[in-house]
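For reference, the structure is listed below as structure tokens.
The numbers here are math on the coordinates, done by the rules we state, and not lab data. Owing to the predicted nature of the structure, the values given are computational and were not obtained by experimental measurement. In this analysis, Cβ positions are derived from the backbone assuming ideal geometry, glycine residues included, and neighbour counts consider all displayed protein chains.
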Amino acid sequence: MFTASVATGFVSPAESYLSEPLKLEQFFQTNAPATFYMRAQDNRFASLGLNDGDVLVIDRSLAPYSGCLCVCAFGGELGLARYQKQNGKTVLRTASGKEISSQQQTAVTLWGVVAYLVRKM
């Protein structure tokens with residue numbers, strides 16, 4: 001019969017600093033089931049601080065608001081547009097600031113709102 005145990009190795013000095021694994025979702029106040037991550041593929045919205053390779057945190061449950069960046073579905077593809085309200089009218093703008101015509105907007109579906117941006121330093 002054994003009455004004591006013995007360590008079979010040395011205890012790590014960092015053991016007291018161990019914590020739960022880091023979960024990205026903990027840092028963002030989003031609706032988790034409606035949250036998606038996408039990576040920017042170019043620098044077209046660099047004037048807004050969005051660069052190639054940045055990760056966009058998109059919340060599909062958020063209502064768009066004037067000035068926000070939205071992911072839009074157009075012609076079977078997803079892209080970014082700036083959402084604005086002007087005189088009660090919804091205006092979508094491309095990265096160059098060009099307004100998407102109202103005829104084109106009828107074919108655009110607002111897919112989600114960019115809630116956060118994650119960038120590698």
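Under 21 Å from the Cα of LYS85, which lysines turn up, not counting those fewer than eight places away in the same chain?
LYS98
I need LYS23, LYS85 ordered by Cβ neighbour count within 10 Å, fewest first.
LYS23, LYS85
Return ILE58, ILE100 ranked ascending by Cβ neighbour count within 10 Å, so the fewest neighbours appear first.
The fewest-first ordering by Cβ neighbours comes to ILE100, ILE58.
Taking a cut-off of 12 Å between Cα atoms, list the aspartates and glutamates near LYS120, but don't count ones fewer than 8 places away on the same chain.
In chain and number order, the partners are ASP52, ASP54.
List the aspartates and glutamates whose Cα lies under 18 Å from the Cα of LYS89, skipping any in the same chain that are fewer than 8 positions away.
Of all the aspartates and glutamates, those that pass the test against LYS89 - Cα under 18 Å, at least 8 places apart if same chain - are GLU99.
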